[in-house]
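**Q** Quick one: the structure is below, and I'll ask about it shortly.
The values are calculated or read from the model by the stated rules, or taken from the named source; none is laboratory data. What you see is a predicted model, and the numbers here were worked out from it, not measured in a lab. Quick reminder, even Gly has a Cβ in these numbers, built from the backbone with ideal geometry, and neighbours come from all protein chains shown. Accessible surface areas use protein heavy atoms only, side chains included; no ligands, DNA or RNA. Shrake-Rupley method; radii C 1.70, N 1.55, O 1.52, S 1.80 Å.
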Amino acid sequence: MNKYNESIIYDDATLIVEEYLYEFKKLKNNKIIISGGAGFLLSYFCYIIEIVNEKFKIPVKLIVLDKFFFGLPFRLKKFKKKKYIKFINIDLSESLPKNLKCDYFIHGASIASPTYYRKFPIETIKVNVSCLLKIFDKLCTLKKKVKSIIFMSSSEVYGNPDLFNIPTNENYFGNVSFTGPRACYDESKRIGETICVNYFQKKKLPIKIIRPFNVYGPGQNLNDKRIIPDIIKGLKNKKITLLSNGKATRSFCYISDQIRGILKVMFSGENGQSYNVGNDEMFSIRKITQMFIKFSKKKILIKFKKSSDKNYTKDNPQKRCPDLKKIKKIKGNWKVRRNTEEGIKRTLKYYRIIN
């Protein structure tokens, strides 16, 4: 028996392809390049492209550019045998592939976990800023123009919004520390968005910006050191410790809804615009932990402990919730399909904690 239940991901990916089948049919013989495509979020495109090619017989190529910071995940190794998927091991902050010719480009290469981007701040800035500039300059030189470009930004660009801006819409300017321990990520994503807008305005690149809100679900690295992987590990080890008081609130988005949002914006979003993508159900960290415990049917007590890292919660947003009106206005009526309860149960099934 496989360590994880991959059928959950294939089920999610199949439903996504069926929902966007009309758009995928128009991608016949197209090429998609994804930077950071071996990570938790964008690796779902490997499953999607497999289904597009093999179930629906639509020839679409996928090129995955990645540094493979944690190596190629075991679940993705099977895709190396697929002729329509190619993995290129490359540090984009240092160099680019010779050929970036494509029809669609998604720039998601980044270090997104607070634990790791605080450990590698300069590398985080490089991939979010200098790498982005190099990619856009290269795309500007292509004779065959790219049809759509997605920049994966972050809800972190909002920093710690005041209560008058919860839920937070795309027009909020943000409340962000530009020198704090999280600034390498937050500020580089903010300047990344500035780069996107200016390359759209001056170079006419068809760029759209995605601001994801706390994505979780099947396939997430359990050593990622973010809250949901830590809870899953805690369920497996029968011990959950929160390194905070658990009162901060978040809106957790199940991964298939995030992918659906990316595709909606990529196919139909307005160039030069940013879009929140997430779930607007909001729960405290304590409550989301309790929900995972409840649905796992395990008897586990939550322990609270202060982190030995003095910067662990510094500049940490106290509330985070997306206003989703903008993406819902895109033709096609996008909306969240998997609520938090359903997303938790599917995640637990993937990690074989429940049947």
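**Q** In whole angstrom, note down how far apart the Cα centers of segment 109-142 and segment 301-355 are.
**A** 24 Å
**Q** My understanding is that a pair violates if its Cα-Cα distance is over 19 Å; which of 239/299; 25/203; 55/83 do that in this structure?
**A** Listed pairs above 19 Å: 25/203.
**Q** What percentage of all Cα-Cα pairs in the chain are separated by more than 32 Å?
**A** Value for the chain: 27 percent of Cα pairs lie more than 32 Å apart.
**Q** If you don't mind, there's one more thing I want to ask. Using Cα positions and a limit of under 20 Å, work out the aspartates and glutamates in reach of residue 306, with same-chain residues fewer than 8 apart set aside.
**A** Correct list for residue 306: 224, 230, 315.
**Q** Using a 1.4 Å probe, what is the accessible area per residue for the chain, in Å²?
**A** Value for the chain: 48 Å² per residue.
**Q** Sticking with this one: What size of dipole, in debye to the nearest 20, comes out for the chain about its Cα centre when the only charges are +1 on Lys and Arg C-beta atoms and -1 on Asp and Glu C-beta atoms?
**A** 880 debye
**Q** Sequence gap at least 6, Cα distance under 8 Å: using those rules, report the relative contact order of segment 4-117 to the nearest whole percent.
**A** Contact order relative to length: 31 percent.
**Q** Measure off, as a whole percent, the carbon and sulfur share of the 1.4 Å-probe accessible area of segment 65-188, all protein chains present.
**A** 57 percent
**Q** Right, next: Let me know the shape class of segment 271-351, please: from the alpha-carbon gyration tensor, a ≥ b ≥ c as square roots of the eigenvalues, rounded when a/c is under 1.5, otherwise prolate if a/b is greater than b/c, or oblate.
**A** Verdict is oblate for segment 271-351.
**Q** Residue farthest toward the positive end of the dipole of segment 251-355, with Cβ of Lys/Arg at +1 and Asp/Glu at -1: which of 332, 302, 259?
**A** Projecting each Cα onto the dipole axis, the largest value belongs to 302.
**Q** Related question: Quickly work out the residue 96-to-residue 56 label distance, labels modelled 7 Å from Cα along the C-beta direction, and quote it in nm with one decimal.
**A** That separation, rounded to one decimal, is 3.0 nm.
**Q** When the label point is put 7 Å from the Cα of residue 337 along its Cα-to-beta-carbon vector, which residues of segment 26-54 have a backbone N closer than 15 Å?
**A** Once the point is set 7 Å along Cα→Cβ of residue 337, 44-45, 47-49, 51-52 turn out to lie under 15 Å by backbone N, inside segment 26-54.
**Q** Where in segment 28-53 is the amide nitrogen less than 20 Å from a point lying 7 Å along the Cα-to-Cβ axis of residue 81?
**A** Those under the cut-off are 44-53.
**Q** Another question about this same structure. Give the aspartates and glutamates reachable from residue 329 as a straight Cα distance under 20 Å; neighbours fewer than 8 places away on the same chain don't count.
**A** Counting by Cα, and skipping residues close in sequence, residue 329 has these aspartates and glutamates nearby: 19, 23, 170, 257, 270, 280, 281.
**Q** Would you calculate a helix-derived [θ] at 222 nm for the chain, using -39,500 (n - 2.57) for each DSSP H run of n ≥ 4 and dividing by the full residue count, to the nearest 500?
**A** Calculated from helices alone, the mean residue ellipticity at 222 nm is -10500 deg cm²/dmol.
**Q** Taking the Cα centroid of segment 188-241 and of segment 11-48, what is the distance between the two, rounded to the nearest whole Å?
**A** Spelled out, the Cα-based centre of one part sits 18 Å from the other.
**Q** With Kirkwood's inverse mean 1/r over C-alpha pairs for Rh, give me the Rg to Rh ratio of segment 74-120, two decimals please.
**A** On the Cα set of segment 74-120, Rg over Rh gives 1.02.
**Q** Moving to a separate point now. Quick one: length gained pulling residue 143 to residue 72 fully straight, 0.36 nm per residue minus the C-alpha distance?
**A** 22.3 nm
**Q** Here is a follow-up. About its Cα centre, what dipole magnitude does segment 132-283 give when the only charges are +1 on Lys and Arg Cβ and -1 on Asp and Glu Cβ, stated in debye to the nearest 20?
**A** Here segment 132-283 has a charge dipole of around 760 debye.
**Q** Tell me, in nm to one decimal, what length is gained between residue 273 and residue 18 on full extension, where the rule is 0.36 nm per residue of separation less the Cα-Cα distance?
**A** Once the chain is fully extended between residue 273 and residue 18, it gains 89.2 nm.
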